[in-house]
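Note sheet for the following structure.
The values are calculated or read from the model by the stated rules, or taken from the named source; none is laboratory data. Source: prediction; values computed, not measured. Note: ideal-geometry Cβ built from the backbone for every residue, glycine included; neighbour counts use all protein chains shown.
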Amino acid sequence: MSAPMLRLAAGAALGDEAPRLDALLEACQEGERALRQGASADGSGFGWISLPYADPTPLEEAGAWLSSFDTVVQIGIGGSALGNLMLHNALLHPNHNELPRERRGGPRFYMADNVDPRDLAGIWDLVDPARTALVAASKSGSTAETMANFLWLLDRMTAALGEKEALARLLVLTDPEQGTFRAFVRETGCRSLPIPSSVGGRYSVLSAVGLAAAAALGIPIRELLAGAQAMDQEIQRRQGHVRNNPAWLLAGLSYLHSSRGRNMTVLMPYADGLRDFSEWFAQLWGESLGKEGKGSTPVRALGAIDQHSQIQLYTSGPDDKLYTILNVGEHTPRAAVPPSPFSSLKSLAYLEGKDLGEILRVEARATAASLVQAGRPVIWAEIPKLDAYRLGGLVYLFEFATALTGFLFDVEPFDQPGVEQGKKYIYGLLGRSAFVEAAAQVEEHAASMETLSLEC
């Protein structure tokens, strides 16, 4: 490759903590060894490490089938939704669904994630059942939100087309051996792709969860996987280079600043195509590390928009955040600011001839400099351009850095006990028989909130 995959600069994030950082980076070596041993043993939660090396042929075949439809609706939530939206936002036309078929090169795509009837009915209003495929993603087939949306949409498809034709338009992504959805696949014979049992939801974007629909929409999934492979190989190659390993550096700096009271981490990309990367990262980071009173809170931001809503807080508010500016070297398409014939706009002449992408890059540098001037810690991350190869590398890097940070915090980065407790309360309130006691607990906790209440 003529250009590097990624450039990291972190001097402003280091301060006078160099010796302690070096010790943390040395600890990352042990953390990486543990991660790779877990992957070799196919341990629970470690399966994402090998996803870049999986054969994409079944995903491409599923994508080819999905691409024959006018519309694809994926049903999922959390890790079964955010990764898809991140890939599509980054690599498709920003108005993909509005383009004519010959220009978009694939089906329209909608994500049915939240159990909000307004949005779900809104999707249904836009689709032709006969020309629509459903992709339902749930490893267990028991996630209440996903299954409620699935049952509603399958019922509508069945009412419109009959059961046989509805099932013929369904692809289920689930555990290869067990769970409600796997039993459903066996009962109905509908199409299915496995989610590896050793891969958790928030680490699943490079599995069928993210790549089946991506392949249907024309995203080059082999390039995504190649980028992830290349990043994995870089991380392995740099094991002996303490300050030259990108995953170690991100993990070490994150832990260092968190231990110094900076318990929030702001990810601020300067590209609209990476807006949903921040959303995806927020779940990855928060759900992996927020345990036992530890971790740091992920904060989503977008440059240059949040310069006008958050930068005052960032530069002059509490010094409780670590900032990562994610920049893109080359923006496309090019769009230069033209000269204006109006004398009243003469003061804007400094913008003439400037490409909008160049202006966005300047904005990113100015924000980083403003934060450094205010004494705030900044990590500068830059990819030469936003394409499938670099995005695959970014995804894998942030996954690896997150898991390593869990090692430094001494928390399990692959479980989510807080999420599971919430699920138990939901099941109880919705009448699932095995969770009656959980429903009673909800009522007890709700009563404690009534000590101070009012109505307006």
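Just a few scattered comments:
- Taken over segment 109-166, residues that are among the β-branched types (Val, Ile, Thr) and closer than 20 Å to VAL205 by Cα amount to 3.
- Some residue of segment 19-41 being surrounded by 13 or more Cβ atoms within 10 Å (Cβ to Cβ), in contact (Cβ under 8 Å) with a residue 24 or more places away in the chain, outside the structural domain of LEU126 (by TED's automatic domain parsing) and part of a loop (DSSP other than H, G, I, E, B): no
- Selection count where residues are among the charged types (D, E, K, R) and more than 15 Å from LEU397 (Cβ to Cβ), scope segment 371-385: 2
- If you go through segment 46-75 and keep only what is within 21 Å of the chain's Cα centre (by Cα), under 21 Å from ARG104 (Cα atoms) and either of a type outside the set (Val, Ile, Thr) or not assigned by TED's automatic domain parsing to the domain that holds ARG108 (or both), you end up with LEU59, GLY63, GLN74.
- For segment 306-337, filtering for residues that are exposed (fewer than 13 other Cβ atoms within 10 Å of the Cβ) and among the β-branched types (Val, Ile, Thr) leaves 1.
- Some residue of segment 281-289 being outside any helix (DSSP H, G or I), at negative phi and not hydroxyl-bearing (Ser, Thr, Tyr): no
- Selection count, segment 237-281, where residues are touching a residue at least 40 places away in the same chain (Cβ under 8 Å), surrounded by fewer than 18 Cβ atoms within 10 Å (Cβ to Cβ) and under 13 Å from LEU8 (Cβ atoms): 1
- Unmet requirement for HIS96, which otherwise passes all of (1) in contact (Cβ under 8 Å) with a residue 40 or more places away in the chain; (2) outside the structural domain of ASN114 (by TED's automatic domain parsing); (3) surrounded by fewer than 20 Cβ atoms within 10 Å (Cβ to Cβ): (2)
- Helices (runs of 4 or more DSSP H) fully within segment 170-272 counting 2 or more residues that are modelled with pLDDT of 95 or more and small (Gly, Ala, Ser): 208-216, 221-237, 246-259
- Here GLN229 meets the list (1) more than 18 Å from ALA34 (Cβ to Cβ); (2) touching a strand residue (DSSP E or B) at 6+ places or on another chain (Cβ under 7 Å) almost entirely, failing just condition (2).
- Of all residues in segment 330-363 being among the β-branched types (Val, Ile, Thr) and in a helix (DSSP H, G or I), the one that is nearest to LEU6 (Cα to Cα): VAL362
- Filtered residue count, segment 437-456, keeping only those that are of a type outside the set (Ser, Thr, Tyr) and either assigned to a loop (DSSP other than H, G, I, E, B) or in contact with an Asp or Glu (Cβ under 7 Å, 6 or more places away or on another chain) (or both): 4
- Positions within segment 105-119 being over 23 Å from the mean Cα position of the chain (by Cα) and free of Cβ contacts under 8 Å to residues at least 40 places away in the same chain, in sequence order: PRO117, ARG118
- Criterion (in a loop (DSSP other than H, G, I, E, B) and either within 21 Å of the chain's Cα centre (by Cα) or farther than 30 Å from ARG238 by Cα (or both)) met by exactly one of HIS93, HIS88: HIS93
- One residue from GLY106, GLY78, GLY83, GLY141 being outside the structural domain of ILE383 (by TED's automatic domain parsing), over 30 Å from ARG432 (Cβ atoms) and touching a Gly at 6+ places or on another chain (Cβ under 7 Å): GLY106
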